[in-house]
Each structure stands twice: as structure tokens, then as C-alpha cells.
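Peer 1: Shown below is the structure under consideration.
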Amino acid sequence: MSLEAENLAHILARIEAARKAAIRPAASTTLVAVSKTHGPERVQPLLDAGHRVFGENRVREAHAKWPALKDRFPGIVLHLIGPLQTNKLRDALALFDVIETLDRPRLAEALAQERDRGARLPDLFLQVNTGEEPQKAGVAPLEAPSLIVRARALSLPLKGLMCIPPADADPVPHFALLAKLARDHALPLLSMGMSGDFERAIRFGATHVRVGSAIFGPRLQLSEKKDGLADNERR
Ligand SMILES: *Cc1c(COP(=O)(O)O)cnc(C)c1O
């Protein structure tokens, strides 16, 4: 078995154990394997092992990697987990099955406009900046309710909430806050938890965990600056 497939099996077992131990367990928790910075040769062992749900944080990188894989492996579900600029919206809609980073009214309106022109919209998560970090994307917790109302008024397929807690903080209060916001607004899906904290997120009801380095190993130093968390910053 490849290293990636071994790690996958291990993470899936930990996810199920954490879910069963939760006080209010989610009906299911989906592993979004975060493949940013890794080439198709690293992704292939997971596809061979039957895994189908992946996350990418950059539209351009995803377009270079995934169309060929989607042709070869039916049933792939691709999540966008990085910030979405409106000038990349059409490219994103052409490839992604889920967009986790709706974070502003302007983007909600642009999505509705594309839908009205005939585009099929993917399921959407609202990204909430639970740590209110100025450099990070996401709607502030106090502004989240009005963006939820706006998205619903536009009949967008809003299904859940997503957060990335501050890197150096205890993530638990952030998971609790996101879970409460989702409950208060009857949103069924919760994307929270990464390699270092996904079990804690599952205890708070995560339906999706986004795990990269625990499956693929560390990302290359050179790309680290351009990737993921650094990339999930407001521009
Ligand atoms: C990179 C990234 C992850 C995965 O982080 P790991 O710590 O490698 O598991 C999860 N979510 C987002 C938004 C990311 O950019």
C-alpha cells in the first residue's frame, strides 16, 4: 500500500472513532483530502484507494491538476477552500462541486447573476472569520447572519459554514462558535478541523474535515508561502 493510502485509512479510522465519541455526533463526517501543492502523482494513490473528495485552495492550480483526473475517475467531488475573486468565478464554477469560501455580499450577488445566466451553482459554505483576524478571509461572526439572510434571499444553495481558527489559538471556542451559528440558522453542514485538530472539530459536530499534511506529509517550503493558510488571506 502507498504511504498516502496508509495515511488515508488511518485518518478515516480516527474520523469514525471521533464521530462515535461525540456527544451530538454528525450523521456523517466527510474527509476532504487537501491536495494543494501536490501533483497528480500524489493524488492518484488516494483515487486508486477509492477516495473521491478533495480540496484545493487556488482556482488556477486546480484547473491544471483536476480536469484530467475527473475524466479518469468518476465521482470526484472537488471543494474550493481558498478565497474566490469574482474575476475567477466562472473558472471556479466550471470545476468545483462545492465552494466553501463565500464571504461577502458582492460574491453572493455575482453567484446569483451567474445562476440567472444559466450556470449550475455548487453547494456553498459561508466562511466565517471566527478569530476576527484582519489578514484572514471570511465574514466576521457579527456580520454572518446578514450574509446568510442575503444568500437565502438570492436563493443560493447555502448549505453550511466553514472556519479556519487562528493558527496559535485553542481551536475549540472557534468550533463551538461555528456550530452554534449553524444551529441558530438551521444550516446542516459544518466544515471545520484540519490535520492538527480534526478530532476536536468532530466532537463539535463537524460534517466535513479538511486534512492535508496528515495525509500527504508537509508541503514544500517554497510553496508554503503561497499556499493554504497564507493564501486564505484577504487581498
Ligand atoms: C491547507 C488547508 C487545510 C489543510 O491543512 P493541514 O494542516 O495540512 O491539514 C485546511 N483548510 C484550508 C482552508 C487550507 O488552506
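The values are calculated or read from the model by the stated rules, or taken from the named source; none is laboratory data. If you're wondering where the values come from, they're calculated on a predicted model, not measured in any experiment. As a convention, Cβ positions derive from the backbone with ideal geometry for all residues, glycine included, and neighbour counts pool all protein chains shown.
Peer 1: Take the range 136-158 and flag every residue that is of a type outside the set (A, V, I, L, M, F, W, C) and without any contact (Cβ under 8 Å) to a residue 12 or more places away in the chain.
Peer 2: Answer for the range 136-158, where residues must be of a type outside the set (A, V, I, L, M, F, W, C) and without any contact (Cβ under 8 Å) to a residue 12 or more places away in the chain: E143, S146, R152.
Peer 1: Right, next: For the range 120-176, enumerate the residues that are touching a Leu at 6+ places or on another chain (Cβ under 7 Å) and among the aromatic types (F, W, Y).
Peer 2: F125
Peer 1: With under 25 Å from L89 (Cα atoms), surrounded by 14 or more Cβ atoms within 10 Å (Cβ to Cβ) and either more than 16 Å from the ligand (Cβ to nearest atom) or touching a residue at least 60 places away in the same chain (Cβ under 8 Å) (or both) as the only criterion, which of L177, L161, L121 stands out?
Peer 2: L121 is the lone residue from the list that is under 25 Å from L89 (Cα atoms), surrounded by 14 or more Cβ atoms within 10 Å (Cβ to Cβ) and either more than 16 Å from the ligand (Cβ to nearest atom) or touching a residue at least 60 places away in the same chain (Cβ under 8 Å) (or both).
Peer 1: Condition (residue is at pLDDT 95 or above and more than 28 Å from I11 (Cα to Cα)) applied to the range 93-100: is it met by at least one residue?
Peer 2: Yes, that holds for at least one residue.
Peer 1: So G131 passes all but one of these: (1) in a strand (DSSP E or B); (2) in contact with a helix residue (DSSP H, G or I) (Cβ under 8 Å, 6 or more places away or on another chain). Which condition number does it fail?
Peer 2: (1)
Peer 1: Answer yes or no as to whether P188 is at pLDDT 95 or above and exposed (fewer than 14 other Cβ atoms within 10 Å of the Cβ).
Peer 2: Yes, satisfied.
Peer 1: Given R152, R200, R183, which one is within 23 Å of H10 (Cβ to Cβ) and basic (K, R)?
Peer 2: So the residue among R152, R200, R183 that is within 23 Å of H10 (Cβ to Cβ) and basic (K, R) is R200.
Peer 1: Does V128 count as hydrophobic (A, V, I, L, M, F, W, C) and surrounded by fewer than 17 Cβ atoms within 10 Å (Cβ to Cβ)?
Peer 2: no
Peer 1: From the set of residues in the range 85-102 that are of a type outside the set (S, T, N, Q) and within 14 Å of the ligand (Cβ to nearest atom), which is nearest to I164 (Cα to Cα)?
Peer 2: Residue satisfying both the conditions and the ranking: E100.
Peer 1: Okay, next question. I'd like the full set of residues that are under 18 Å from the mean Cα position of the chain (by Cα), closer than 14 Å to F96 by Cα and of a type in the set (A, V, I, L, M), limited to the range 34-77.
Peer 2: Those that are under 18 Å from the mean Cα position of the chain (by Cα), closer than 14 Å to F96 by Cα and of a type in the set (A, V, I, L, M): V34, V53, V59, A62, I76, V77.
Peer 1: Just checking, how many residues over the range 191-235 are at pLDDT below 90, farther than 29 Å from V149 by Cα and crowded, with 20+ Cβ neighbours inside 10 Å?
Peer 2: 1
Peer 1: What's the number of the condition R120 fails, among (1) under 24 Å from L8 (Cβ atoms); (2) among the charged types (D, E, K, R); (3) at pLDDT 95 or above?
Peer 2: (1)
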